[in-house]
1. Just a yes or no: is a residue in segment B:2-18 within 14 Å of another protein chain (Cβ to nearest Cβ), closer than 22 Å to residue A:11 by Cβ, open to solvent by less than 60 Å² (accessible area, probe 1.4 Å) and out of contact with any Phe, Trp or Tyr (no Cβ under 8 Å at 6 or more places or on another chain)?
2. For the condition within 18 Å of residue A:18 (Cα to Cα) and touching a helix residue (DSSP H, G or I) at 6+ places or on another chain (Cβ under 6 Å), what is the one hit in B:77, B:47?
3. What number of residues within segment B:73-94 satisfy the criterion of being open to solvent by 30 Å² or more (accessible area, probe 1.4 Å), facing chain A (nearest Cβ under 9 Å) and touching a residue at least 24 places away in the same chain (Cβ under 8 Å)?
4. I'd like to verify a number: residues in segment A:37-74 that are in a loop (DSSP other than H, G, I, E, B), out of contact with any Cys (no Cβ under 6 Å at 6 or more places or on another chain) and open to solvent by less than 50 Å² (accessible area, probe 1.4 Å), how many?
5. Cβ-Cβ distance below 6 Å, separation of 6 or more or different chains: which pairs start in segment A:35-52 with a residue that is touching a residue at least 40 places away in the same chain (Cβ under 8 Å) and end on one that is open to solvent by 40 Å² or more (accessible area, probe 1.4 Å) and of a type in the set (Val, Ile, Thr)?
6. Could you run through segment B:54-91 and say how many residues are part of a strand (DSSP E or B) and either among the hydrophobic types (A, V, I, L, M, F, W, C) or farther than 18 Å from residue B:22 by Cα (or both)?
7. Filter segment B:33-43 for residues that are modelled with pLDDT of 95 or more and in contact with a Phe, Trp or Tyr (Cβ under 9 Å, 6 or more places away or on another chain); which is farthest from the other protein chains (Cβ to nearest Cβ)?
8. How many of the residues in segment B:1-32 are among the hydroxyl-bearing types (Ser, Thr, Tyr) and without any contact (Cβ under 8 Å) to a residue 24 or more places away in the chain?
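The values are calculated or read from the model by the stated rules, or taken from the named source; none is laboratory data. Here the structure is a predicted model, which is why all the values come from computation and not from measurement. Cβ placement follows ideal geometry from the backbone for every residue including glycine, while neighbour counts extend to all protein chains displayed. We work out accessible area using only protein heavy atoms, side chains counted, and drop any ligands, DNA or RNA first. Shrake-Rupley method; radii C 1.70, N 1.55, O 1.52, S 1.80 Å.
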Amino acid sequence: MKFAWVIGTLVSTRKAEGLEGVKFLIVQPLDERRLPSGEPYVAVDATRQAGLGELVFVVASREAALSLDESFVPVDAAIVGIVDDVHAPLLPEEE
Amino acid sequence: MQLAQVVGTVVATQKSQRLDGLKMLILRPFGLDGKLGSGYLVALDSVGAGLGEVVLYCTGSSARQTEATKDRPADAVIMAIVDTVEVGGDVKYQKGKT
């Protein structure tokens, strides 16, 4: 799983079966110091509570679909947690 | 999932039988700035996307998790047609407008 920031929302009314009521959010992937790294992408919000600007963590690939009530859905990224705190004292400061 | 625009179609009469009956569309990455990125991919369509529409597609084995692509050799499927994209409060894309 990886850290990401929620930077936007995406609305789609015509989508694959099983995705009814599922919210799409646009996330900016982050590196281990929670600095932006890589291109934004779209994830479903399995927590249903993630808001703009929040630090979240995302599960990728087919397992992403397992975070939803209906798991036979074409989903490859899902927000599965909203981060309250990160405590990583052994993470080296600068490379 | 990634944002893309449908820029073309692929027709192949000689192909794996497991792909029979599935529409193949050419996608180009659609940036949050509304500009098309470089590169392309051919994705199967599960929602009836049309030329020019901005869509969402997923890749990897998740792409087989639709009735249309189940147990098929599919690694990319269009699974949503985008109505609105909003980033940091600004509408970056609105179907039919931008």
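1. The initial filter retains those residues of segment B:2-18 that are within 14 Å of another protein chain (Cβ to nearest Cβ), namely B:2-4, B:6.
If we keep only those that are closer than 22 Å to residue A:11 by Cβ as well, we get B:2-4, B:6.
Now restrict to residues that are open to solvent by less than 60 Å² (accessible area, probe 1.4 Å): B:3-4, B:6.
When the remaining residues are screened for being out of contact with any Phe, Trp or Tyr (no Cβ under 8 Å at 6 or more places or on another chain), the result is B:6.
Scanning segment B:2-18, I find at least one residue that is within 14 Å of another protein chain (Cβ to nearest Cβ), closer than 22 Å to residue A:11 by Cβ, open to solvent by less than 60 Å² (accessible area, probe 1.4 Å) and out of contact with any Phe, Trp or Tyr (no Cβ under 8 Å at 6 or more places or on another chain), so the answer is yes.
2. On the way: B:47 fails: touching a helix residue (DSSP H, G or I) at 6+ places or on another chain (Cβ under 6 Å).
So the residue among B:77, B:47 that is within 18 Å of residue A:18 (Cα to Cα) and touching a helix residue (DSSP H, G or I) at 6+ places or on another chain (Cβ under 6 Å) is B:77.
3. Qualifying residue count for the region: 1.
4. First, the residues of segment A:37-74 that are in a loop (DSSP other than H, G, I, E, B): A:37-40, A:46-54, A:61, A:68-74.
After this cut, where a residue has to be out of contact with any Cys (no Cβ under 6 Å at 6 or more places or on another chain) as well, the list is A:37-40, A:46-54, A:61, A:68-73.
Next cut, open to solvent by less than 50 Å² (accessible area, probe 1.4 Å) only: A:40, A:46-47, A:50-51, A:68, A:71, A:73.
Matching residues across segment A:37-74 total 8.
5. Qualifying pairs under 6 Å: A:50/A:82.
6. Selection size over segment B:54-91: 16.
7. B:41
8. Of segment B:1-32, the ones among the hydroxyl-bearing types (Ser, Thr, Tyr) are B:9, B:13, B:16.
Then drop every residue that is not without any contact (Cβ under 8 Å) to a residue 24 or more places away in the chain, which leaves B:13.
So the answer is 1.
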